[in-house]
Protein chains: 2
Amino acid sequence: MLHLRPATATDVSVILELIRELAIYEREPDAVVATEADLLRDGFGERPAFQVLLAEWRDPSEVAERPARVVGFAFYFYAYSTWVGRESLHLEDLFVLPSHRGRGIGLGLMRALARIAVDRGCRRFQWQVLDWNTPAIRFYESLGARVLGEWQSVRMEGEALEALAKGGESEG
Amino acid sequence: MLHLRPATATDVSVILELIRELAIYEREPDAVVATEADLLRDGFGERPAFQVLLAEWRDPSEVAERPARVVGFAFYFYAYSTWVGRESLHLEDLFVLPSHRGRGIGLGLMRALARIAVDRGCRRFQWQVLDWNTPAIRFYESLGARVLGEWQSVRMEGEALEALAKGGESEG
């Protein structure tokens, strides 16, 4: 049985585990440098930079007293659309443990996010997908989402970012 | 001469004009449904959903008493990277009026944003670009940014979003 709940500060270790599992699935196992302290600082203070929805699962055969297991998560925050003039719900990470797929857990998370978006007045629910992740693309399209082929993501980090930030100082 | 300044509530009409100019450039002239009231509500209240940097330009020949003209803008907010465990500066819109290109105004805005990102502790500065916008892609790459080809943007809105949000209610 599926139960969804917002994560709290005591969940940072399971959130970080799920972030790592997803990075492995995305073929970037060493990409995660985030720590529990980072997530605690940024997600559970006075002005959280993100929200997390946890999916807990309990098999009907399990005794009810045993704590349900966290088997998936949705990590999201609010972006802004200048064309729409509203916040958009931006889904950064969605993941269900391979052992628990095919039970509607991903759908349950997506539906809960759509409700959160609508309740907040967002007109858009958006995310990104790796172009080789055909099962995910099919799933999203089955929900009525559109893959926007012409937008490319651009990123600057590390030395390039430092150099650009410092570059103008000597120019006066 | 270029002068950059953060926008205030009194700038919403010029911000909306620039958003519209950019939408025309992006071949979506009718896409902007945002109003000044939307921008005022979401950007200049207690918890702004976005920030705007305005580029003002004054020709050396112009009398100093005449107000400088707003000729470009950068519209941004903070996203979150689960891998890095930090906020990322997300640039949503960057635009310089065609009449004022080639004067380093875009570079000035990008440099100011890089500084804001570094000062806030962001490890990433990110944005999106249309795949046919070769001049922009060349400019970004000249700054050391990388175009991430394998990430596709996905969006759900309108009836699909409403349907997903409502879909689960009858399932109990």
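The values are calculated or read from the model by the stated rules, or taken from the named source; none is laboratory data. Source: prediction; values computed, not measured. All Cβ positions, glycine included, derive from the backbone under ideal geometry; neighbour counts span all protein chains shown. SASA here: full protein model, heavy atoms, side chains in, ligands and nucleic acids out. Shrake-Rupley method; radii C 1.70, N 1.55, O 1.52, S 1.80 Å.
I'd like to verify a number: residues in region A:18-69 that are in a loop (DSSP other than H, G, I, E, B) and more than 30 Å from B:ALA49 (Cα to Cα), how many? Spell out how you get there, then give the answer.
Pass one, region A:18-69, residues in a loop (DSSP other than H, G, I, E, B): A:26-35, A:44-50, A:58-68.
Narrowing further to those that are more than 30 Å from B:ALA49 (Cα to Cα): A:27-30, A:58-68.
Here the count works out to 15.
Is region A:139-151 home to any residue that is aromatic (Phe, Trp, Tyr) and closer than 18 Å to B:GLY167 by Cβ? Taking every residue of region A:139-151 in turn, at least one turns out to be aromatic (Phe, Trp, Tyr) and closer than 18 Å to B:GLY167 by Cβ. Specify the residue that is modelled with the lowest pLDDT; the eligible residues are those in region A:50-76 that are among the aromatic types (Phe, Trp, Tyr) and open to solvent by 10 Å² or more (accessible area, probe 1.4 Å). Filtering first and then ranking leaves A:TRP57.
Selection within region B:83-124: residues that are among the β-branched types (Val, Ile, Thr) and at the interface with chain A (Cβ under 7 Å from one of its Cβ atoms). The member of this set that is nearest to B:GLY72 (Cα to Cα) is B:VAL118. Among the criteria (1) in contact (Cβ under 8 Å) with a residue 12 or more places away in the chain; (2) open to solvent by less than 10 Å² (accessible area, probe 1.4 Å); (3) among the aromatic types (Phe, Trp, Tyr), the one B:TYR80 does not fulfil is (1).
Results for (1) more than 7 Å from every other protein chain (Cβ to nearest Cβ); (2) at pLDDT 95 or above, shown as yes or no for each residue.
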residue: B:VAL129; (1), (2): no, yes
residue: B:THR134; (1), (2): yes, yes
residue: B:PHE139; (1), (2): yes, yes
residue: B:LEU143; (1), (2): no, yes
residue: B:GLU150; (1), (2): no, no
residue: B:MET156; (1), (2): no, yes
residue: B:LEU161; (1), (2): no, yes
residue: B:ALA165; (1), (2): no, yes
residue: B:GLY168; (1), (2): no, no
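Every condition in (1) at the interface with chain A (Cβ under 8 Å from one of its Cβ atoms); (2) more than 29 Å from A:ASP93 (Cβ to Cβ) is met by B:PRO29 except one, and the failing one is (1).
Just checking, does region B:61-74 include any residue being free of Cβ contacts under 8 Å to residues at least 60 places away in the same chain and closer than 30 Å to A:LEU94 by Cβ?
Taking every residue of region B:61-74 in turn, at least one turns out to be free of Cβ contacts under 8 Å to residues at least 60 places away in the same chain and closer than 30 Å to A:LEU94 by Cβ.
For region B:4-15, state whether one or more residues are of a type in the set (Gly, Ala, Ser), open to solvent by 40 Å² or more (accessible area, probe 1.4 Å), part of a helix (DSSP H, G or I) and within 11 Å of chain A (Cβ to nearest Cβ). Lay out the reasoning, then the answer.
As a first pass, look at region B:4-15 and keep what is of a type in the set (Gly, Ala, Ser): B:7, B:9, B:13.
Filter again for open to solvent by 40 Å² or more (accessible area, probe 1.4 Å), leaving B:9, B:13.
From what's left, part of a helix (DSSP H, G or I): B:9, B:13.
When the remaining residues are screened for being within 11 Å of chain A (Cβ to nearest Cβ), the result is none.
The answer is no; no qualifying residue exists.
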